[in-house]
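Reviewing the structure listed below.
The values are calculated or read from the model by the stated rules, or taken from the named source; none is laboratory data. All figures in this text were calculated on a predicted structure; none of them were measured in a lab. In this analysis, Cβ positions are derived from the backbone assuming ideal geometry, glycine residues included, and neighbour counts consider all displayed protein chains.
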Amino acid sequence: MDAETDISLDHALWIENGDTHHLADLQSGLSRSLRLQTCSNLEAAAKYLTGATPTIVFYAFKEDGFESISSLDEWMQKSLPSAGLILVRQSFSPQQIEKLSQMTSVSCFLDASLGQADVEQALARVHQVASKNRRKMRLAESLKVQNKQLETMTASLERIVKDRTHDIQEQKTQIEIKVNKVKALLAFIKSLSKVNDIGDLSQLLQKEIKSLSKDCEPYLAFRARDFGRWIYTIRQSRLIEKSVQSSWKTGARLRINDKEDQVYLANEFSKPVQKTIAVPLNSNHHQSSEVTLFIEHNLNEKELEQLIDEVGKRAQPLALCLDRALLEIELKRSAYLWESTFNSIDEPIAIVEKPLKPIRSNKAFQDRLEDWFSGLPDAESDLMEQINECFDSKKSISLPLLIEGSFFDLKLYPILSSAVGDVESVVCLFVDMTHEKKLQSQMIQHEKMTAIGHLAGNIAHELNNPLAGLKSLGQIVQQEIDEADQISDDLNEILMAAERSSEIIKNLLEFSNPNEGAQDEIIDLNALVTKTLPLLKSITSNFERDIIEASEPLMVKVNPQLVQQVFFNLVNNACQAMGERGALKIQTLKKANTAQLLVADSGGGIPLEVQAKVFDPFFSTKKEKGGTGLGLSMSRNIVRSYGGEVQFDSRVGEGTTFVVSFPIEKN
Amino acid sequence: MKVLIIDDEPILRRALSRAFSAKGHEVQAAEGGEQGLKLWREHKPELVMLDVLMPDLNGPQVIERLGSDTGNAFVVLMSAFTGDFDSQRAKQYGAHEFLSKPFDDVFKLVEGLEERVN
């Protein structure tokens, strides 16, 4: 027998369960080969188990003990799971055996009525059972140990997993942080791309720097190509734009906590400034130079390092955006300059594309010609033809135009975008010639008047010759004749006629060649009218004439020849208004402190819509007859220059009265 | 005195001639510059009434042509063109006096000239 079957080591437990006298022999027989502990019942057995672990349990089965068997089964499973249970009885019935076999822990049955040999057989069986149980127990032990090892391993594996999980979490967090930083940077760049105004840029910059570090204040300093040095910052949400004269420190490299920067900012903003870093944003930009981002901060070394890292990534986009913003300003200024230049030109200008569509025009055009232009007929217009010609021939063209009473010299200039390309648009420059035309007309009129004056002068002088003879000879003959003779009277008449002729010629000479250097004289208006009347005899011959002279002298200080011209002009107009016949009234009178000269006709009158234009320099209702209409305008100017006025009263169908008034000269 | 009248206007020539000869002066008359030149040289007048504007030579040209041949004649330039001439201008042309036509009173004129020449 090996160690396993060494039954002398086996512990066994005998539970009497009441009366077991019958089983005494068996019991003693067993105790010879087994260490057999006897207990009266389960409770006692339980107590015994605290000190030992039997491998076999003998239980004396009673006749009616099925209930106790189940509790025994329970107890066995609980307390001695690896022990064998042997039920002992004097004799078992097969039914009993069948029923009892259903119990889990029963290993075998021991019938007490067995003889010695059977007992030994039974014992051998018991040994088997016992060793089996021992094996079971040892297995259980090693299982326990293994379990424990397994537990330990599991625990350590769990720990490893936990650690690894933690590491991965850590990494994940790190990556998340990095990704967020990159996202923030991208968001910043994206926001920058939407900004093209320096104010907005500053606000964005402020927000960004604050998001990187709450205690920082950014200052964006730059020198703009066209408008000097500026520093932008935000204070209490308000944009500060500071123009500065002195320059900040420049350099290509980052400066950390340089005192000079700190002092500079403090001076410019008149406030204490903390430590400052200076980030030069240098690049090949056209609009800006010396661009530096100053950041006032209160960070420790580590935080500062982080900030600098993040700011560094933002430097380039920031500089680009600033440049773009400055370019925007420049463009706006250029556009404004072009616009205001274009609009400041008095001549209307329109730039047209085919087919005669204006794409740009200046204020002068919009105010004066836009309506006319848009109202032009589409086809068959001389103007359209010329413009098309300009498009095709690529040459500039000049043509005169009459637009709503004004004379223009239209100049067409083709815009050549390249030397060989087509002309896409044509500049139409409307040069207002009305003024020139007026001047021209005035000049022509002046020349005419001068020529007429010369002619009249010549004639007058020619006439003076025979007149001189007439007068002189007349005088001589008169002297030689007897005064009583009728011939003397006749001669007198002849002489007076000669005298009158002489006067007329003198007046005509004065009238047609007014001495421009003549001074104003104090003359009697009445006398001036009387002197001029003979000159008017022919043109007033058709009309009834009513001439009323004032009862007293009307002394006025004027240039007599000029006033004569005015009078002549008014009478001329009156006669022309009356045509074949009518009544002409000429009157001088004193009214308050003015000397008045009235010229009234019984002509057709001046219609209301024409009355407003009567004094316009070029207005004339006699255009067909070649009148240039200068008379009334010039007349009024002359009169006004002496402090007088020309007015008229006209009724259609009745006639017109013109009144010229002069202030009476008090000396 | 000897008077020479140079003027292209017939009635004026007649009038002046009558005026002077009525006062007993010897009068010659020329109807143009050329004739005037001739008569001036021939008769050497003491008083010359010279019209400025004549179809051939004008008054100043006559004076110029004569040069020293004007003798000691008192030369009066006459003109119907007012404003072109005055006494000063006349002197520039070599004349002594200027009269503008028409004359107010031919008798006063003659008297005045008589005094001037003598």
All conditions in (1) under 30 Å from A:Leu554 (Cα atoms); (2) modelled with pLDDT under 85; (3) of a type in the set (Ser, Thr, Tyr) are true of A:Ser488 except (1)
Take segment A:167-196 and flag every residue that is without any contact (Cβ under 8 Å) to a residue 12 or more places away in the chain and within 40 Å of the chain's Cα centre (by Cα). A:Ile175, A:Glu176, A:Ile177, A:Lys178, A:Val179, A:Asn180, A:Val182, A:Lys183, A:Leu186, A:Ala187, A:Lys190, A:Lys194
Name the pairs whose Cβ atoms lie under 9 Å apart, with the first residue in segment A:401-423 and farther than 18 Å from A:Asp382 by Cα and without any contact (Cβ under 8 Å) to a residue 60 or more places away in the chain, the second surrounded by 11 or more Cβ atoms within 10 Å (Cβ to Cβ) and aromatic (Phe, Trp, Tyr), and 6 or more positions between them or separate chains? A:Asp422/A:Phe391; A:Val423/A:Phe391
Among the residues of segment A:321-347, which ones are small (Gly, Ala, Ser) and within 30 Å of A:Leu429 (Cα to Cα)? A:Ser334, A:Ala335, A:Ser340, A:Ser344
Just wondering, is there one or more residues in segment A:378-385 that are touching a strand residue (DSSP E or B) at 6+ places or on another chain (Cβ under 8 Å) and not charged (D, E, K, R)? yes
Given the conditions (1) in contact with an Asp or Glu (Cβ under 7 Å, 6 or more places away or on another chain); (2) assigned to a helix (DSSP H, G or I); (3) under 25 Å from A:Ala364 (Cβ atoms), and given that A:Leu439 satisfies all but one, which numbered condition is not satisfied? (1)
Yes/no for A:Pro560 being at pLDDT 80 or above and buried (at least 20 other Cβ atoms within 10 Å of the Cβ): yes
For residues in segment A:441-478 being among the polar types (S, T, N, Q) and loosely packed, with under 15 Cβ neighbours inside 10 Å, which is farthest from the other protein chains (Cβ to nearest Cβ)? A:Thr450
Does any residue of segment A:75-89 turn out to be of a type in the set (Gly, Ala, Ser) and closer than 11 Å to A:Asn17 by Cα? no
Output the residues belonging to segment A:636-659 that are of a type outside the set (S, T, N, Q) and under 20 Å from A:Asn593 (Cα atoms). A:Arg636, A:Ile638, A:Val639, A:Arg640, A:Tyr642, A:Gly643, A:Gly644, A:Glu645, A:Val646, A:Phe648, A:Phe658, A:Val659
Is it the case, given these coordinates, that A:Ser288 is modelled with pLDDT under 90, of a type in the set (S, T, N, Q) and surrounded by fewer than 18 Cβ atoms within 10 Å (Cβ to Cβ)? no
Subset tally (residues that are crowded, with 20+ Cβ neighbours inside 10 Å and of a type in the set (Val, Ile, Thr)) for segment A:479-513: 1
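Can you tell me which residue among A:Leu205, A:Leu220 is in the same structural domain as A:Gln287 (by TED's automatic domain parsing), at pLDDT 90 or above and assigned to a helix (DSSP H, G or I)? Explain how you work it out, then say what you get.
Details: A:Leu220 fails: assigned to a helix (DSSP H, G or I).
Testing whether each residue is in the same structural domain as A:Gln287 (by TED's automatic domain parsing), at pLDDT 90 or above and assigned to a helix (DSSP H, G or I) leaves just A:Leu205.
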Wholly inside segment A:263-374, strands (runs of 3 or more DSSP E) that include 1 or more residues that are of a type outside the set (Val, Ile, Thr) and over 30 Å from A:Thr250 (Cβ atoms) are A:349-353, A:357-361
Taking only segment B:67-82 into account, find how many residues are more than 8 Å from chain A (Cβ to nearest Cβ) and outside any strand (DSSP E or B). 7
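Among the residues of segment B:99-118, write down those that are in contact with a Phe, Trp or Tyr (Cβ under 7 Å, 6 or more places away or on another chain) and away from every other protein chain (no Cβ under 14 Å).
Initially, segment B:99-118 is screened for residues in contact with a Phe, Trp or Tyr (Cβ under 7 Å, 6 or more places away or on another chain), giving B:109-110, B:116-117.
Selection gives B:Arg116, B:Val117.
Those residues that are over 17 Å from A:Leu320 (Cβ atoms), touching a Ser or Thr at 6+ places or on another chain (Cβ under 9 Å) and outside any loop (DSSP other than H, G, I, E, B), I need them from segment A:223-244; list them, please. Spell out the reasoning first.
Taking segment A:223-244 first, the residues over 17 Å from A:Leu320 (Cβ atoms) are A:226-231, A:233-244.
Pick out the ones that are also touching a Ser or Thr at 6+ places or on another chain (Cβ under 9 Å) and you get A:227-231, A:233-234, A:239-242.
Across segment A:223-244, the qualifying residues are A:Gly228, A:Arg229, A:Trp230, A:Ile231, A:Thr233, A:Ile234, A:Leu239, A:Ile240, A:Glu241, A:Lys242.
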The lone condition A:Glu483 fails out of (1) outside any helix (DSSP H, G or I); (2) within 18 Å of B:Leu53 (Cβ to Cβ) is (2)
Inspect all residues belonging to segment B:26-36 and state whether any of them is at pLDDT below 90 and hydrophobic (A, V, I, L, M, F, W, C). no
In this structure, does B:Lys91 turn out to be surrounded by fewer than 16 Cβ atoms within 10 Å (Cβ to Cβ) and within 12 Å of another protein chain (Cβ to nearest Cβ)? no
Only one of A:Ser488, A:Ser501 is within 14 Å of chain B (Cβ to nearest Cβ), in a helix (DSSP H, G or I) and either in contact (Cβ under 8 Å) with a residue 60 or more places away in the chain or over 25 Å from A:Val614 (Cβ atoms) (or both). Can you tell me which? A:Ser501
Those residues of segment B:1-51 which are among the charged types (D, E, K, R) and in contact with a Lys or Arg (Cβ under 8 Å, 6 or more places away or on another chain) amount to B:Lys2, B:Asp7, B:Glu26, B:Glu31, B:Lys44, B:Glu46
Just give me the residues in segment A:645-656 being surrounded by fewer than 20 Cβ atoms within 10 Å (Cβ to Cβ) and farther than 22 Å from A:Asp524 by Cβ, in sequence order. A:Gln647, A:Phe648, A:Asp649, A:Arg651, A:Val652, A:Gly653, A:Glu654
Mind checking which residues of segment A:570-593 are assigned to a helix (DSSP H, G or I) and not β-branched (Val, Ile, Thr)? A:Leu570, A:Asn572, A:Asn573, A:Ala574, A:Cys575, A:Gln576, A:Ala577, A:Met578
Filtering segment B:12-62 down to residues that are over 17 Å from B:Ala73 (Cβ atoms) and of a type in the set (A, V, I, L, M), which residue is surrounded by the most Cβ atoms within 10 Å (Cβ to Cβ)? B:Leu12
Is there any pair linking a residue in segment B:13-39 that is among the polar types (S, T, N, Q) to one that is in a helix (DSSP H, G or I), with Cβ under 7 Å and at least six apart or on different chains, and which? B:Gln28/B:Leu39; B:Gln28/B:His43
Number of the condition not met by A:Arg159 [criteria: (1) modelled with pLDDT of 90 or more; (2) within 28 Å of A:Thr53 (Cα to Cα)]: (2)
